[in-house]
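Asks: What follows is a single structure, and I will ask about it in a moment.
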Amino acid sequence: MSGHTDMVLVDENGMRIDGRTAEEHRPIKIEAGVLNNADGSAYVEIGKNKVLAAVYGPRECHPRHLQNPTKAIIQCKYNMQAFSVSDRKRPGPDRRSIEISKIISEALEKVVLTELYPRASIDVYIEILQANAGTRCAGLTAASVALADAGIPMRDIVPAIAAGKADGHVLLDLNKEEDNYGQADVPIAIVPSTDEIVLLQMDGNMTREEFDHAIELAVDACHQVYDIQKDALKKRYSAKPAKEGADE
Amino acid sequence: MSNPIMSEIKRDHIMNLLAEGTRVDKRSPTDFRKISVETNCIESADGSARVKLGKTEVIAGVKIIPGTPFGDTPTSGVLTTGAELIPMAHPTFESGPPGEDAIELARVVDRGIRESGMVDVEQLCIVPGEEVWMCFVDIYALDYDGNLFDAANLAAVCALKTAIIPGEQYGKGENKPLPVTCLPISVTEVKIGNDLIVDPNFDEEQISSARLTVTTDDNGNFRAMQKGGCGSITLDDLSLCLDRAVEKGAEIRKIIG
Amino acid sequence: MEKRNARQTREIVVPGDILDASGMKPGENAYVLDGKVRASAMGVRNVFQNTVGVIPLRGCYMPSSGDTVIGVIEDIGPSNWLVNINAPYPAPLHVNEVPWKVEFGDTSRYLSIGHVVILKVLSVDESRKISVTMKDSGLRRIEGGRLVKISHSKVSRVIGKSGSMISMLKNMTDCRITVGQNGMIWVDGDDENADVAAQAIMMIEEKAQSGNLTDKIKEFIEKRIPQDDDYDEGDE
């Protein structure tokens with residue numbers, strides 16, 4: 001958000017550097033059930049972001065002192081792999097990833113019926129294989145598909161996407177250049193059945209009017225992401241497994 | 001990591017099959033599982049590979065950045081290998097800094113790559129004594145069904161093999177392929193009872209007493225070894241492992257070559 | 001209404017999907033929001049009389065009283081054993097609930113870590129604390145054979161309509177098969193036949209969604225085990 005560039009992020013026709021209009025998201029690909037060991041899993045690509053999410057549980061809660069006698073806790077771990085960004089990221093949790101893990105856990109807590117599993121833990125692991133702005137939204141989008149894939153009872157699936165501002169224009173789903181050289185970023189996640197907001201952050205500089213417009217774009221796009229999430233889950237069971245034979 | 005309790009029934013079944021020279025997935029004791037490799041899967045990395053060894057899946061990425069050489073090797077580039085057993089890969093893996101299993105894994109892979117001279121570090125010098133290319137290999141287990149050693153080695157080797165030195169990104173000349181001289185391949189065997197089996201899956205690893213990883217180069221020479229586990233191996237076992245490492249190593253080299 | 005009758009195929013729903021907007025009551029894995037019944041789990045939409053719910057496709061096993069389960073002893077205490085039954089919590093098996101008289105601290109003489117047992121779930125209280133027993137007919141420690149683990153939601157497919165699938169499996173493979181409600185299945189019999197039975201069970205799990213499952217499984221077993229005397233099937 002702090003960088004400066006001579007690059008034109010939005011041209012006179014309103015086109016962005018990757019050929020999108022202000023209100024378009026990047027291409028999205030979602031696949032459910034991509035890992036063997038995990039109880040549920042999902043792979044998400046949003047533009048150049050590549051994200052894996054895995055869910056284990058409900059299972060016994062470790063460490064024990066975190067157990068809640070009335071409901072399950074959701075423990076999310078967001079992690080960027082060392083080669084996921086242009087400079088190598090030092091492995092291990094930093095303050096940024098700890099914060100993101102926390103807000104994603106809280107966003108998911110709203111929809112998961114945690115009261116069904118007292119004392120248990122539902123563990124969600126998000127690994128960013130490749131980052132290109134918007135990884136927390138891609139991570140949360142993947143995590144909620146993985147939760148549904150794990151058969152976890154939940155009220156709804158949570159989609160997430162960011163809106164922001166670059167070159168003075170309000171844009172949906174910022175890419176890396178727009179995020180680096182733009183003026184604002186607003187990641188948001190909703191419960192589609194009620195349009196309640198379960199994740200919201202903002203940094204940068206926006207007027208009230210710009211912010212309202214950004215939210216409107218993002219909520220609308222969340223519903224589009226939601227449709228892709230649902231398709232991915234349904235596809236897992238409608239596509240007949242073609243493999244035959246005894247080996248593997 | 002705490003190991004899950006294996007049922008007596010499953011353990012007996014594996015042992016009974018081994019006595020007849022076969023395994024739960026119908027492999028012979030010397031068969032590897034199916035290997036599949038996808039390279040250049042991560043654009044943000046300078047080299048990458050995602051490897052499946054049966055149901056075990058590992059991703060490795062290479063990052064190459066300019067840095068300061070070590071004082072005693074002023075003209076050599078630096079090669080570092082790290083591995084993480086992230087909790088995504090198995091219910092018994094825990095988050096946090098790499099534990100002893102992850103560190104051993106990284107060091108065994110590192111040794112094979114380093115000792116084989118796979119990467120010609122002399123060619124990674126930019127300004128002698130001042131600046132060299134530092135090559136980081138980071139390995140993550142994604143799905144764990146045994147034998148991370150060979151899966152991680154394969155992923156690291158394939159990622160390095162396809163890596164590009166990003167000269168342009170740092171204003172240090174043209175992009176060019178990382179200088180690679182050979183393909184070190186590791187072959188891991190475990191001992192169950194008196195049997196030695198190649199490429200153990202998770203259950204087989206759980207009931208094994210000892211593990212031996214042997215890394216060979218293109219000429220079939222030995223470049224690195226590591227014995228693990230609380231049990232022991234006999235001299236005859238060792239001899240058998242070395243023979244198999246050469247034979248299987250050559251087969252795998254053909255697959256990824 | 002007419003729409004509902006026309007829909008014969010199994011409809012897959014995901015959390016949040018609207019199951020009904022015409023006044024039906026929510027069944028299992030369903031809830032009401034603004035007068036509409038919505039799904040709270042991924043699974044197959046299921047209508048029963050005036051209720052609509054979801055039969056889950058996946059998810060962890062939650063014990064309920066009366067279930068027969070197969071578990072592995074994973075820890076031993078002085079007066080109980082902890083049994084892994086693939087639920088979120090291990091099930092404690094108390095010394096009073098085994099068919100032997102066990103002195104305090106003498107538990108490991110009877111059942112050790114790794115032993116496999118067939119148990120019955122006695123009760124599950126509000127905080128999901130489980131109690132199990134081994135004091136009933138058929139409940140015991142089991143040895144030998146094969147243990148197959150499948151998703152508990154596919155157990156009903158392995159059993160089949162009024163037991164048709166499981167009796168076909170038993171007859172065609174000549175194996176003893178015990179199905180735990182928790183998805184743990186014990187197969188005992190001739191080595192090769194037990195392998196075929198185990199593979200058939202895993203095939204049922206994998207293809208649980210496809211039609212003609214009984215025929216496919218029958219064909220699969222016939223290919224591997226020649227059936228000398230004509231096998232008479234129950235239905236379909």
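Asks: Given H placed on each backbone N at 1.01 Å, which residues far from A:Met80 in sequence or on other chains put an amide H within less than 5 Å of it?
Replies: Amide H to amide H, under 5 Å and 5 or more residues apart or across chains, A:Met80 pairs with A:Ile128.
Asks: Then there's this: Over segment C:68-142, what is the relative contact order in whole percent, taking alpha-carbon pairs under 8 Å and six or more residues apart?
Replies: Contact order relative to length: 33 percent.
Asks: Which of the peptides B:55-65, B:177-187 is most tightly packed, and how do the rest follow, going by the mean number of other Cβ atoms within 10 Å of each residue?
Replies: For the peptides B:55-65, B:177-187, the packing ranking is B:55-65, B:177-187.
Asks: Classify segment A:1-67 from the C-alpha gyration tensor, please: rounded if a/c falls under 1.5, else prolate or oblate depending on whether a/b exceeds b/c.
Replies: prolate
Asks: Among A:Ala54, B:Met225, C:Ala208, flag the residue with its Cα farthest along the positive direction of the charge dipole of the protein assembly as shown, charges on Cβ as +1 for Lys/Arg and -1 for Asp/Glu.
Replies: Of A:Ala54, B:Met225, C:Ala208, it is C:Ala208.
Asks: Which value, in debye to the nearest 20, gives the size of the charge dipole of segment B:8-256 about its Cα centre, when Lys and Arg are +1 and Asp and Glu are -1 at the Cβ?
Replies: For segment B:8-256, the charge dipole is close to 380 debye.
Asks: Between A:Asp227 and B:Glu174, what's the calculated FRET efficiency when r is the beta-carbon distance and R0 is 30 Å? Round to 0.05.
Replies: 0.10
Asks: Expressed as a whole percent, how much of the Cα-Cα distance distribution for chain C exceeds 21 Å?
Replies: Summing the P(r) of chain C above 21 Å gives 64 percent of all pairs.
Asks: Would you mind giving the mean number of other chain beta-carbons within 10 Å of the Cβ of each residue in C:38-44, as a whole number?
Replies: Shielding by partners across C:38-44 averages 6.
Asks: Here's a follow-up. Quick query: amide H of A:Asn37 versus all other amide H atoms, modeled in the peptide plane; which residues come in under 5 Å with a sequence gap of 5 or more or a different chain?
Replies: Distant-sequence amide H within range of A:Asn37: B:Tyr144.
Asks: Based on Cβ point charges of +1 for Lys and Arg and -1 for Asp and Glu, what charge dipole magnitude is obtained for the protein assembly as shown about its Cα centre, in debye rounded to the nearest 20?
Replies: Dipole size: approximately 1240 debye.
Asks: In a Debye calculation with equal point scatterers on the alpha-carbon sites of segment B:1-134 and no solvent, what is log10 I(q)/I(0) at q = 0.09 Å⁻¹?
Replies: For segment B:1-134, the Cα-only Debye profile gives -0.44.
Asks: Does segment B:8-256 come out rounded, prolate or oblate, given a ≥ b ≥ c as the square roots of the eigenvalues of its C-alpha gyration tensor, rounded meaning a/c under 1.5 and, failing that, prolate meaning a/b above b/c?
Replies: prolate
Asks: Rounded to a whole number of µm²/s, how large is the Stokes-Einstein D of segment A:107-161 at 10 °C and 1.306 mPa s, given Rh as the Kirkwood radius over C-alpha pairs?
Replies: 132 µm²/s
Asks: What lysines could a cross-link reach from C:Lys120, if we take a straight Cα to Cα line under 27 Å and drop same-chain neighbours fewer than 8 places away?
Replies: A:Lys71, B:Lys10, C:Lys101, C:Lys129, C:Lys135, C:Lys149, C:Lys154, C:Lys161, C:Lys170
Asks: Reachable aspartates and glutamates from B:Lys172, Cα under 17 Å, same-chain residues fewer than 8 places away excluded?
Replies: List returned: A:Asp87, B:Asp46, B:Glu122, B:Glu130, B:Glu131.
Asks: Just to confirm a number: summing +1 for Lys and Arg and -1 for Asp and Glu over residues other than C:Ile113 whose beta-carbon lies under 12 angstrom from that of C:Ile113, what do you get?
Replies: -2
Asks: FRET efficiency for C:Phe48 and C:Ser164, Cβ-Cβ distance as r, R0 = 30 Å, nearest 0.05?
Replies: It comes to 0.90.
Asks: Could I ask something else about it? Using each residue's phi in segment A:184-196, evaluate 6.51 cos²θ - 1.76 cosθ + 1.60 at θ = phi - 60° and report the 3J(HN,Hα) Karplus result to the nearest Hz, with x for Gly and Pro.
Replies: Going residue by residue, I get 6, 9, 10, x, 8, 9, 10, 9, x, 5, 10, 6, 5 Hz, with x marking Gly and Pro.
Asks: A further question on this structure: Between the helical axis of B:100-115 and the dominant principal axis of chain B, each derived from Cα atoms, what acute angle in degrees is found, rounded to the nearest 10?
Replies: Taking Cα atoms only, the helix is inclined about 60 degrees.
Asks: Let me confirm one metric for peptide B:58-64, namely the mean number of other chain beta-carbon atoms within 10 Å of its residues' beta-carbons.
Replies: Counting other chains' Cβ atoms within 10 Å and averaging over B:58-64 gives 4.
Asks: To the nearest 20 Debye, how big is the dipole of chain A about its Cα centre, given +1 on the beta carbon of each Lys and Arg and -1 on that of each Asp and Glu?
Replies: Here chain A has a charge dipole of around 1120 debye.
Asks: Let me ask another. Roughly how crowded by other chains is peptide B:83-95, in terms of the mean Cβ count from those chains within 10 Å of each of its Cβ atoms?
Replies: The per-residue average across the peptide is 6.
Asks: How much of the DSSP bridge set in chain B is antiparallel, in percent, rounded to the nearest 5?
Replies: 85 percent
Asks: Here's another thing I want to ask about it. With a point put 7 Å past each Cα toward its Cβ, work out how far B:Val24 is from B:Cys41 in nm, to one decimal.
Replies: The answer from the label model is 2.4 nm.
Asks: For chain A, I need the span (max minus min coordinate) of the C-alpha atoms along each principal axis, in Å, sorted largest to smallest.
Replies: 57, 47, 39
Asks: Sticking with this one: Could you tell me the distance between the Cα centroids of segment A:165-219 and segment B:59-112, to the nearest Å?
Replies: Answer, in whole Å: 37.
Asks: Also: What is the set of long-range amide H partners of B:Asp31 at a cut-off below 5 Å, with H atoms built 1.01 Å from backbone N?
Replies: B:Val198
Asks: Please identify which residues in segment C:113-134 have an amide N closer than 12 Å to a label point set 7 Å out from the Cα of C:Ser65, following the Cα→Cβ vector.
Replies: It comes to C:121-126, C:131-132, nothing else.
Asks: Could you tell me which of rounded, prolate or oblate describes the protein assembly as shown, using a ≥ b ≥ c as the square roots of the eigenvalues of the alpha-carbon gyration tensor, with rounded for a/c under 1.5 and, failing that, prolate when a/b is larger than b/c and oblate otherwise?
Replies: oblate
Asks: What angle do you read, to the nearest 10 degrees and between 0 and 90, between the alpha-carbon axis of helix B:148-161 and the longest principal axis of chain B?
Replies: That works out to roughly 30 degrees.
Asks: Taking the simple approach of a point 7 Å from Cα along Cα-to-Cβ for both A:Asp94 and B:Phe70, what is their distance in nm?
Replies: A separation of 2.6 nm, rounded to one decimal place.
Asks: Grab the alpha carbons of segment C:137-236, take their convex hull, and tell me the volume per residue in Å³.
Replies: About 104 Å³ per residue, rounded to a whole number.
Asks: Based on the Cβ-Cβ distance from C:Lys135 to A:Glu23, what FRET efficiency comes out when R0 is 60 Å, to the nearest 0.05?
Replies: Efficiency for this residue pair is about 0.35.
Asks: Then there is this: Using only DSSP helix segments of four residues or longer, with each worth -39500 (n - 2.57), what per-residue ellipticity at 222 nm results for chain A after dividing by its residue count and rounding to 500?
Replies: -9000 deg cm²/dmol
Asks: Let me ask something else about it. Given 20 °C and 1.002 mPa s, how large is the Stokes-Einstein diffusion coefficient of segment C:68-142 in µm²/s, with Rh as the Kirkwood radius over Cα pairs?
Replies: Estimated diffusion coefficient is 176 µm²/s.
Every number in this text was worked out from the coordinates using simple rules, so none of it is lab data. Bear in mind the structure is a predicted one, so any value in this text is a computation, not a measurement. Neighbour counts run over all protein chains shown; Cβ positions are idealised from the backbone, glycine included.
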